[in-house]
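Working notes, structure below.
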Amino acid sequence: MTKLRFFSLVAAFTLSALALTSCDDNDCDWDYSRLPTALVTVYPEETGFFLQLDDRTRLVPTNMTASPYGDKVVRALVNFTEQEKTGGDVRNIHINWIDSIRTKKPVVSVGEEDNAVYGNDPVEIIRDWVTVAEDGFLTLRFRTIWGGTKTHVVNLLSGVNPDNPLEFTLKHNAAGDTMGSMGDALIAFDLNDILKEHEDEVTIKLNWTSFSGPKSTEFKLKKHQSQSIATSERLPMSRYVE
């Protein structure tokens, strides 16, 4: 089990916004290379790898010949520079930096034992550009209390509603690490196996326990459109997320 650092890049957006409102163009020299350019899915291939930007657009790196994550498919934040004379659905890019997000598959609900098995500690789902359903993945920015002493385990449960196989519940087990301060993290879930029978866009429902009680929301999602590649877990962006 690997512990990873807290999600600092999202916080950088807030800091940069504050900085830009407190100075003019002549006084500010913010380094935008620190910020992510996009949220992508990393797909390895026999001859290299590509980044899926959205449901249509692929980014092809020109300065890297192999995925830094081997044969694993992961969601990641990337800062890139687009090369000249590119556009359309396939674009050549130069990767300045890339950092993976914890990427998991859903686990099956065990019914009334879900809280005992997977925990029921509260989280808040943050409305943000990195909270998104695309390419068959659900990526979430969430907020909870971190004491910094334990690894928090976050799972997405399938099979929670026998009448709707596209309804899921997010479960958070803080392992007793509930005394500290609020902090944000990222987690991603690969739903492509569940969506394999669905050719068109579907609506998925997400339930979770917030600090003010049960909440739910819905996302539109379409499976990855090219040849399926098996996924496995990789280093997350968040220091204490499993």
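Can you compute the modelled spin-label distance between GLU84 and VAL107, with each label point 7 Å from Cα toward Cβ, in nm?
5.2
Among the chymotrypsin sites (Phe, Trp or Tyr not before Pro) in the stretch 30-103, which ones are in a DSSP loop with at most 14 other Cβ atoms within 10 Å of the Cβ? Mind listing them?
Within the stretch 30-103, the qualifying chymotrypsin sites (Phe, Trp or Tyr not before Pro) (loop, at most 14 other Cβ atoms within 10 Å) are TRP30.
Pop out the ³J(HN,Hα) list for the stretch 206-214 in order, Karplus 6.51 cos²θ - 1.76 cosθ + 1.60 with θ = phi - 60°, rounded to Hz; leave Gly and Pro as x.
10, 10, 7, 9, 9, 5, 10, x, x
Plugging the Kirkwood radius over Cα pairs into Stokes-Einstein for the stretch 30-156, at a temperature of 4 °C and a viscosity of 1.567 mPa s, what D comes out in µm²/s?
Stokes-Einstein gives a translational diffusion coefficient of 77 µm²/s.
Every number here is computed from the coordinates shown, using simple stated rules; none is lab data. Predicted model, so just to flag it, every value in this text is computed and none were measured. Every residue, glycine as well, gets a Cβ built from its backbone with ideal geometry; the counts of neighbours run over all protein chains shown.
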